[in-house]
Amino acid sequence: TTTEGSVWQLQSFASTSQSIEFVSSGGARMCLPLSRLKRLEFIQAGRIFLSDLEPVAIDVRPYVPSQVVTKRLEKLLAPRMDSSFDGSLIQIRDANGELQEFEKGLALQSRTELTYRLAGKYQKFQSVVGFDPLAPDYGHIDLRILLDDREVLREEIAKNDPPVNVDLAVGDANRMRILLDFGKNLDIGDRVHLGGAK
């Protein structure tokens, strides 16, 4: 990740005291001064985080439909990758009330639907799902995960419930949809984190 916010996936790299030379996953050869390098992350072999995949579709709808969807509203409701809505790390309180922090994950609010193309290349989907600790106590959501339009998980989660540990076999599925739908209290406080979603 560069200081300008560009993210490169690398095939290979070599560094000196002044720069990093790399070949991107697309075959582009680049030389970047170290002063422009913000972060270098080594992803564990055989594992990819959901926040590093580009969804093929993002559908975000406010509780009260509007004829005019402004860019500002879209930006406000848009999913966050690897940060909470306040810009901090993804955090979830465990069953004992202890705060867990995740460097990788997603922050979503109701109603959000994300669709990912899996193309049968993955074996499992794993995540810890819980409310943003800063969300109001009224939060209540209906979480659904579908593989090729077949529902494989459905959980109602309230703000003070313990987090849900998701561990699903995705096998030969071509698509995975994650739907965070409105719960019992409209959309009040419906800010949810998918910690370590991979």
Give me the percent of the accessible area of the chain that comes from carbon and sulfur atoms, probe 1.4 Å, all protein chains in place.
47
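Greater than 23 Å separation of Cα atoms is the criterion. Which listed pairs, K159/K184; K38/K124; K104/K124; K38/K104; K75/K121, meet it? Display every interim value, and only then the final one.
On the way: K159/K184 11 Å; K38/K124 30 Å; K104/K124 17 Å; K38/K104 16 Å; K75/K121 31 Å.
Over 23 Å Cα-Cα: K38/K124; K75/K121.
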Answer label for volume of the Cα convex hull per residue in Å³ (calculated), chosen among [x] 146; [y] 246; [z] 119
[x]
Enumerate the calculated ³J(HN,Hα) couplings along the range 3-19 in order (Karplus 6.51 cos²θ - 1.76 cosθ + 1.60, θ = phi - 60°), each rounded to whole Hz, writing x wherever the residue is Gly or Pro.
5, 7, x, 6, 10, 10, 9, 10, 7, 7, 7, 9, 10, 10, 6, 10, 8
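On average, how much accessible surface per residue is there in the chain, in Å², for a 1.4 Å probe, leaving out ligands, DNA and RNA?
Values: 11810 Å² over 198 residues.
For the chain, the per-residue accessible area is 60 Å².
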Pairs of Cα atoms under 8 Å, at least six residues apart: use those to get the relative contact order of the chain, whole percent.
22
Starting from the Cα-Cα distance between E155 and R29, subtract it from 0.36 nm times their residue separation and give me the gain in nm to one decimal.
40.8 nm
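The values are calculated or read from the model by the stated rules, or taken from the named source; none is laboratory data. Predicted model only: the values in this text are computed from it and were never measured. These accessible areas exclude ligands, DNA and RNA; they are computed on the full protein's heavy atoms, side chains included. Shrake-Rupley method; radii C 1.70, N 1.55, O 1.52, S 1.80 Å.
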